[in-house]
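Here's the structure we're looking at; comments come further down.
The values are calculated or read from the model by the stated rules, or taken from the named source; none is laboratory data. Small disclaimer: the values here were computed from a predicted structure and weren't measured. When we count neighbours, we look across all protein chains shown, and the Cβ atoms used for this are built from the backbone with ideal geometry, even at glycine. All accessible areas refer to the heavy atoms of the entire protein, side chains included, with ligands and DNA or RNA removed. Shrake-Rupley method; radii C 1.70, N 1.55, O 1.52, S 1.80 Å.
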Amino acid sequence: MSSPAITTIRGVCPHDCPDTCAMKVTVEDGRATAVRGDPDHPPTQGVLCTKVSRYTERTYHRDRLRQPMRRVGPKGEGRFEPISWDAALALAGERLGEIARRAPEAILPYSYAGTMGLLQTESIAARFFNLIGASRLDRTICASAGAAALKHTYGGNVGMQVDFIEESQLILIWGSNPVASSLHFWTRAQEAKRRGARLIAIDPYRSLTAEKCHEHIALRPGTDGALALGMIHLLIAQDMIDEDYVARHTLGFAALAERARQWPPARVAAVCGIPERQLRDLAHAYGTVKPASIRLNYGMQRAYGGGNAVRAVACLPSLVGAWRHRAGGMLLSTSGYAPVDTFALQRPDLHPGWPDRQSRIINMNAIGDALTHPGGRVDGQDFGPAVEAVIVYNSNPVAVAPDSRKVVAGFAREDLFTIVLEHFQTDTADYADLLLPATTQLEHFDVHKAYGHTYVMVNQPSIAPLGEARPNTEIFRGIARAMGLDHPLLQESDAMLGSQALRWSDPLMGGADWARLQRESWIRLALPDAPFAEGGFHTPSGKCEFASSTLAAEGRDPLPDYLPPRESAEADPALAARYPLAMISPPARNFLNSTFVNVDSLRKTEPEPHLDMHPDDAAARGIANGDPVRVFNDRGSLRARARVGDRARGGLVVGLSIWWRKLAPDGRNANELTSQALTDLGGSASFYDCLVEVEAWPAGRSASPAVKPHAPSIVGSEGTRRHI
Ligand SMILES: Nc1nc2c(c(=O)[nH]1)N[C@H]1C(S)=C(S)[C@@H](COP(=O)(O)OP(=O)(O)OC[C@H]3O[C@@H](n4cnc5c(=O)[nH]c(N)nc54)[C@H](O)[C@@H]3O)O[C@H]1N2
Ligand SMILES: Nc1nc2c(c(=O)[nH]1)N[C@H]1C(S)=C(S)[C@@H](COP(=O)(O)OP(=O)(O)OC[C@H]3O[C@@H](n4cnc5c(=O)[nH]c(N)nc54)[C@H](O)[C@@H]3O)O[C@H]1N2
Ligand code: SF4
Ligand SMILES: [Mo]
């Protein structure tokens, strides 16, 4: 008997996580048996998180989709029958071809970051949608408020490098829970702590991270802009400004100082709901301890004023000259450094109207409204054609998009032609007409950049596709062929796409070429350790723009300000009187958005949806720890189990996310309650700008127990939702 052939293949974790780990995949006789962190890749340091350590469990999961399927039952019920690839592609080609000839903008792509690979996201798919002139999707569900803020302040998604965090003496972890969502940053922050650094968490929730920091500032959600302006006020008032750095490398200091004068400590403390002493201590520490770094993340970006809040925080490192040191500055995203050749990958010039007449843009956060819109002119605005076909890949909108009731109503339209490319039969897949099996990262090739470190990387496939699964690129090539589109750019191979993915001549590539990247698996971008020590921001002025020239050119307020959440006592007292509690729904540690929720061993760690509540809020409603509760607002309602304790500050409830609706006891998740309203900058989602009320679920109401999984949702003429 010969021993099994064992090989190790180098890959990349594809998930929407700043850490973008390098993986080593052990393959025995064609089967992946283990996935480990690569010890040689500096950001990974040999460690993967719990979720991805289980990647083989997910890959070979009994429910993996292995063949194309066609819907046989009503939409939402999730009943399918297998069909051949030829038949599936012919069906897709026929339906899409007919719509594309008549009204190309009636076709809508819907995708996000199920994988972050440059090829399996927007390469052939983008070329295909460009060529047919489909509607364009504004991919704003996550990071666009912060991205817009960084663009107006630093000129792009750029910041300090994670590699030097352990040398920081002060780390503000602001709107971020890296223990759950950026493990490798957290490892470095702990090293800094061992070396004497002070860690301060700024978060309305005592997260797994906040509980491990030296201090926790539990401000009211959505008030970060006021906190940052208060810090600016004190830094200036107490002479803690690096005047030389400000004079040489920033724009608009006098105007910013004037704005900050309106934010004295007492006002800030009242708005943020924190003791004034806490603000004073924070400003003093930030103004005196060097080097100081800020790990800013998405918490604050999910409320209306999120863009302005990020702008205000982003001013801080320049005010104190933190950028002078490689362990100082701010890290929100580093994705703007990598010289990705987006034009080559996506070929916007394939669009029939290029460059003057582009297709309409639909904001992905408003998918509920877009799919339920009749089309044409409504309230004086021309929407264009109603959406007739949607192609979903790398995303699970029925679970993750806000205002589920509308999203479900849209996807439930019998006249909507829906294709879903997936690994699993997700909540969204239940509404597909055609469900097409996609390969996982172990089965396909890809090229990656990261948003939490500064390496570009290559993922080699380690196993053959499971069943009949195909890479997204190949599925789009097939759909194009079935529509009779024979443009050669739609048939380029993944290897060819990989060779085009980066601008090799960019100085940041340090002379590396495609052959070297493939040989070495990753390349560190050739950045200076402290990229803005001598200014050189990517803005039009080359300076850190406190007063933004680009915002001024758009006729908007050039300075950062505090804009209260739309759903707050400040902005809407009447609504706050009816729904006095703010709800946030940040990521659960062992899920990755809605990915992994169906992996049994991980779901065991989050056995059911919980709602964290402060003891005062619970007592006022007669709710005890462990009680079932109903959470509701005008958009919908949801059931969860109360977890009463000191994690949520008063006035706040927290439901960790993102559950698959059909795996939750009542067939719903937090997005039943969230709204489609957009943020101030970047048109981002405002998941955490959400007022609710909570009540004890009346005892003995066993007539409304768990709803049967797969239950479709119907929206009646009054907009009321019921399950059948
Ligand atoms: N395990 C795991 N990791 C993930 C994900 C996941 O689902 N699970 N998702 C990935 C994705 S897509 C993203 S975008 C990132 C997200 O990464 P992070 O932004 O770090 O997300 P969270 O870990 O939820 O941390 C956000 C924190 O902000 C807090 N917060 C909420 N509202 C506010 C506010 O108004 N102000 C302040 N200061 N804080 C607030 C929340 O309580 C939470 O603790 O994580 C990625 N990594
Ligand atoms: N209430 C609430 N809602 C939220 C958030 C929140 O904090 N609270 N967070 C928001 C954020 S930050 C984000 S980024 C979004 C995330 O929303 P999504 O990007 O939709 O992320 P996932 O839920 O992980 O779904 C990704 C899907 O892509 C599939 N997939 C993975 N790889 C591939 C592939 O190669 N091919 C194909 N065809 N499919 C693949 C996976 O199986 C998975 O079902 O959710 C947002 N929604
Ligand atoms: S999800 Fe993040 S921490 Fe986990 S393996 Fe992937 S990149 Fe690393
Ligand atoms: Mo995200």
Normalised per residue, the volume inside the convex hull of the alpha-carbon atoms of the range 573-696 in Å³ amounts to 111
Residue by residue through the range 114-128, what is 3J(HN,Hα) from phi via Karplus (6.51 cos²θ - 1.76 cosθ + 1.60, θ = phi - 60°)? Round to whole Hz and write x for glycine and proline.
x, 10, 9, x, 5, 7, 7, 9, 10, 10, 4, 4, 4, 4, 4
Given R₀ = 25 Å, what would the calculated FRET efficiency be for residue 47 paired with residue 215, taking r from the Cβ atoms and rounding to 0.05?
0.40
Protection proxy (average C-beta count within 10 Å per residue), highest first, orders 638-646, 82-90 as 638-646, 82-90
R0 of 22 Å, Cβ-Cβ distance residue 63-residue 8: FRET efficiency to nearest 0.05:
0.20
With every atom except the alpha carbons ignored, what do you get for Rg and Dmax of the range 407-494, in angstroms?
15.9, 46
Working only with C-alpha atoms, what are the Rg and Dmax values of the range 6-59, expressed in angstrom?
10.6, 33
Protection proxy (average C-beta count within 10 Å per residue), highest first, orders 551-557, 273-279, 417-423 as 417-423, 273-279, 551-557
Going highest first, how would you order 217-226, 495-504 by mean Cβ packing within 10 Å?
217-226, 495-504
Taking the Cα atoms of the range 112-239, report the difference between the largest and smallest coordinate on each principal axis, in whole Å and largest first.
58, 33, 26
What part of the accessible area of the chain, given as a whole %, is carbon or sulfur when the probe is 1.4 angstrom?
52
Cα-based Debye curve of the range 178-217 sampled at q = 0.16 Å⁻¹ gives log₁₀ I(q)/I(0) of -0.35
Beyond 42 Å, what percent of the Cα pairs of the chain remain?
26
Long-range amide H partners of residue 33, meaning residues 5 or more apart or on another chain whose placed amide H is closer than 5 Å, are 26, 27, 28
Cys in the chain lacking any partner Cβ under 4.7 Å -> 17, 49, 142, 213, 272, 315, 544, 690
In 10 Å bins starting at zero, report the fraction of Cα pairs in the range 281-410 per bin as a rounded %.
9, 23, 26, 23, 14, 5
For the range 32-135, report the convex hull volume of the alpha-carbon atoms normalised per residue, in Å³, without decimals.
168
Quick check: pseudo-label points 7 Å beyond the Cα along Cα→Cβ at residue 87 and residue 624, how many nm apart are they?
5.8
Sketch the reach of a paramagnetic label on residue 616 as a point 7 Å from Cα along Cα-to-Cβ, and name the residues of the range 567-596 whose backbone nitrogen lies under 19 Å away.
568-570, 576-584
If you build the Cα gyration tensor of the range 136-200 and take the root of 5 times each eigenvalue, what three semi-axes come out, in whole angstrom, biggest first?
27, 14, 10
Residue separation times 0.36 nm, minus the C-alpha to C-alpha distance between residue 641 and residue 514: what's the value?
40.5 nm
Among the listed pairs 290/543; 406/662; 51/449; 51/193, give every one whose C-alpha distance is greater than 19 Å.
290/543; 51/449; 51/193
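Counting residues in the range 482-637 as N, plug N into 2.2 N^0.38 Å and put the Cα Rg over that result.
Relative to the 2.2 N^0.38 Å estimate, the range 482-637 comes out at 1.74.
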Solvent-accessible area per residue for the chain at a 1.4 Å probe radius, Å²?
36
With viscosity set to 0.890 mPa s at 25 °C, what whole-number translational diffusion coefficient in µm²/s follows for the range 145-332 from Stokes-Einstein and a Kirkwood radius over Cα pairs?
152
